[in-house]
Every structure is written in structure tokens, then in C-alpha cells.
1. Residues in region 315-336: is at least one part of a helix (DSSP H, G or I), within 16 Å of the ligand (Cβ to nearest atom), within 29 Å of Leu164 (Cβ to Cβ) and not aromatic (Phe, Trp, Tyr)?
2. Here are some residues: Leu260, Leu233. Which one is more than 16 Å from the ligand (Cβ to nearest atom), part of a helix (DSSP H, G or I) and of a type in the set (A, V, I, L, M)?
3. Looking at the structure I just gave you, is Gly75 of a type outside the set (S, T, N, Q), touching a residue at least 40 places away in the same chain (Cβ under 8 Å), surrounded by fewer than 24 Cβ atoms within 10 Å (Cβ to Cβ) and away from the ligand (no atom under 12 Å from the Cβ)?
4. Out of (1) part of a loop (DSSP other than H, G, I, E, B); (2) away from the ligand (no atom under 16 Å from the Cβ), what's the single condition that is false for Met108?
5. Quick check on region 267-284. Is at least one of its residues at pLDDT 95 or above, in a helix (DSSP H, G or I) and within 18 Å of Arg21 (Cβ to Cβ)?
6. The conditions are (1) buried (at least 23 other Cβ atoms within 10 Å of the Cβ); (2) within 24 Å of Tyr182 (Cβ to Cβ), and Ala58 fails exactly one of them. Which is it?
7. Considering only residues that are under 15 Å from Leu304 (Cβ atoms) and in contact with a strand residue (DSSP E or B) (Cβ under 7 Å, 6 or more places away or on another chain), which ones fall in region 360-388?
8. Being touching a strand residue (DSSP E or B) at 6+ places or on another chain (Cβ under 6 Å) and hydroxyl-bearing (Ser, Thr, Tyr) is the filter here; which residues of region 120-156 pass it?
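The values are calculated or read from the model by the stated rules, or taken from the named source; none is laboratory data. What you see is a predicted model; the values in this text were computed from it and never measured. With ideal geometry, Cβ positions are generated from the backbone for all residues, glycine too; neighbour counts draw on all protein chains shown.
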Amino acid sequence: MLNIPLMSNNITKEDTQCLIRFLETTDRFTNGPKVREFEQAWSEWLGTRYSVFVNSGASANFMTMAGIAQIYGMGEVIVPTITWVSDISSVIAAGHTPVFVDVDLKNMAMCEAHILEKITDRTKAVFLTHVLGFNGLSESLLNELKKRNILLIEDVCESHGATLNGKKVGSLGFASNFSFYYAHHMSTIEGGMVSTDDEEFYQMMRMYRSHGMVRETTNEGYKKNIEDQFPDLNPEFIFMVPGFNMRSTELNAVIGLNQLKRLDDNIAKRRENFRLFIENLDGKKYFNEFDTEGNSNYAFVLLLREADPEFFKQLTQTLREENVEFRRGTAGGGNQLRQPFVRKRYPDICPTDYVNAEKIHFYGMYTGNYPGLDRRKILELTRIINKI
Ligand SMILES: Cc1ncc(COP(=O)(O)O)c(C=O)c1O
């Protein structure tokens, strides 16, 4: 049996030892200097001015959409049909209207032409997901959105280190969201990040993370101004926006700092694994024209060439027999329009109109790709599934 889990050894002995050393020497456990250090290191790695560390990728999504509504008002937000649940639920929760777009098969990200078609004068933002390690952006889309003054929010929870023309995705739009959940490129056990170059948005995210409190901003002028405006309030407790508590802890930041040291090496290994996997896949049976320029896949993506339910059944059976863990659809389970929370709210939207999302939903899946995965296992995996 091949025995390939979705993820292996993502929190190493070195990480836990680092954490133990920290615990023995600190008396500060929640959101403090280590969190700030991790945020700064992350901004440096990514190439943005600011980052805000939170307790999950979903929290990053919720804070971002709430912040956009607070600063720019509620409106339409263009979202993919292939994404994670919180990329849609955060839009709804913030009072925006999600406008759904089908994806391209080459990178499973929103189709550029469809995005542009759906832009109206009510559009506030495009919330693009870089799916399963593929870069989902092009220079032409960036230029079009800039020209039309539309905010681009990048969800990079599945694609840390992917690039467009050498520039890291997550540094190309107005703001970006990352996840450090256990199964991702790097882990803080649970965790997420909002990154941006925009000072006002950064300060807003700091407030949203901690109950909407003004004391969380690092802009002293802003703080003083608000305190002067509300002399009847205790300056320690001015709640400026309807925020959340989405803080993380010093412990998670310590793990993040240690993990960051090996992120680039791990990305290079995963990229090499993916190349080996895709090059050995039978292109007559499996789609293999993915756009791998600047990819950073933490998973092996399998999409049937033809819509063939019997073949898909055999594929899942073979993987089970070999104890190869897999997830059907993509990280979010496939076409989000089929999910009960979307169907109920938008009964007129027809999931089958989104042809590529449907194909991925019924004939797509992924298996684990992690740095320590033996290349012989990768070759054996492709040999076995090519035989079906
Ligand atoms: C695209 C995307 N966004 C957001 C999330 C949420 O991240 P988390 O699990 O850290 O809440 C995920 C989850 O894996 C994801 O794949």
C-alpha cells in the first residue's frame, strides 16, 4: 500500500522544542511582542507594508470583508464558485452581495473575462481565491481592475509563495488573506493573516481583531482625535467598529516564526513534487494543462479529462485501497453553489450554469503533497492511477 496522508509532519520536533523554550522563559502568552515579530517577518517575506495575525484564515476573510464594508460601504463582491465557504459567508456576513463567477480549468481561479463581465457600478471588490497552489492572477486582470478602481482582495490560504511574474501573490491586490491551518504550506496549528499596503485598512484590521477597540490602532493622531470626539468615554474602551475577537497567541506566533524559516525550502520541494506528478500523469485520462508558472501546490490535483462517473468511482476505490488520502472537488469541496447555505439564500442561481466548477465538483480531487514525500511514491502513485 502506498500510504500517503494529506499532510505529514507539519509541526516538527524543532517547532515544539522552540515552543517549550519560549514557555519556560515568558510571562506573556497572548497577542504581544512575538505576534508583532511574526507579523513583521511575514510582511517582509510577502513584500507588503503591514500584516495582522489572527486565529484562522476564515477570521482573516471575515475581518477583511467587514473592513471593506466599513471603509467603502456595502455592495457587490465578485466571488468564485470554487473556493472555501468563508470566502462567501464573510461577504454575506459583512452585508455585501456575492456575485458568482465560474473558474478556468488551467488554474481553477475565476475566469478573467467572466469577472469583467460581472463588474457593475455596485461592485466594491473582486475577492479572488488562488486555488490549491496555482497563481490565479494575470497582469491584464490587475490592470483592468486598477483602471476601473475595483479593489482586489486575494485569498492565498491555499497558495503561499505562488507568484505572478516573480512577484508573490498576496502582495498584488489591496489586501490578502492567508491560513496557517495544519494542512497548509506552513502551520501555526490554527492561524491566519491579513496583509496590506494600505495604512487605513491596516489600522481597521487591528481594531476589528480586538472588539473594534480604538486603543488597538498604532496611529496616535487618530487615537487622540477619537478620544477628543468622545470625552464621555473611557479611552481604554472606545468601540469604533463592530469588531470581533479574532486574536491569536504568542505561542502560535512562535511556531509561525520558526516555520517561516523553512517555508521557501518546503515550497521548492513541493513544486518539484508537483512537477514530477504532473509530468507522469496520463494526459489522455487526466487534465494536465494546468498553468504551473509560479505554482506552489500543497496538493496533487486530479481532474478527469472526460466526465466519466464510473472512472471516477474506480479512481476513488483505487486510492482507498492504496490508503492514499484524498478530498473530492477542491479544498472547499467543489462547486460552492451546491452548498445548502447558498442554495437556500439564492434559489434562482443554477449551479449547473457554472460548467467548469461543475466539472471540478464531480470529477476533481486532490491528494497530499508534502516536502518529505518520497519521489518513488509519487511515481508509483501516477503509475497506479494511470493504469485505471
Ligand atoms: C481558500 C481558503 N480560504 C479560507 C480558508 C480558511 O482557513 P482556516 O481553515 O484557517 O480558517 C481556507 C481553508 O482551508 C481556504 O482553503
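1. First, pick out the residues of region 315-336 that are part of a helix (DSSP H, G or I): 315-321, 336.
From the residues that got through so far, the ones that are within 16 Å of the ligand (Cβ to nearest atom) too are 336.
With within 29 Å of Leu164 (Cβ to Cβ) added as a condition, the list becomes 336.
Then keep just the ones that are not aromatic (Phe, Trp, Tyr); that gives 336.
The answer is yes, given that some residue of region 315-336 is part of a helix (DSSP H, G or I), within 16 Å of the ligand (Cβ to nearest atom), within 29 Å of Leu164 (Cβ to Cβ) and not aromatic (Phe, Trp, Tyr).
2. On the way: Leu233 fails: part of a helix (DSSP H, G or I).
Criteria check complete, one pass: Leu260.
3. Yes, satisfied.
4. For Met108, the failing item is (2).
5. Step one: of region 267-284, the residues at pLDDT 95 or above are 267-284.
Now restrict to residues that are in a helix (DSSP H, G or I): 267-279.
Okay, now just the ones that are also within 18 Å of Arg21 (Cβ to Cβ), so none.
Checked against the condition, which is being at pLDDT 95 or above, in a helix (DSSP H, G or I) and within 18 Å of Arg21 (Cβ to Cβ), region 267-284 yields no hits at all.
6. Just one mismatch for Ala58, condition (1).
7. Selection gives Ile360, His361, Tyr363, Gly364, Met365, Tyr366, Thr367.
8. Those that are touching a strand residue (DSSP E or B) at 6+ places or on another chain (Cβ under 6 Å) and hydroxyl-bearing (Ser, Thr, Tyr): Thr123, Thr129.
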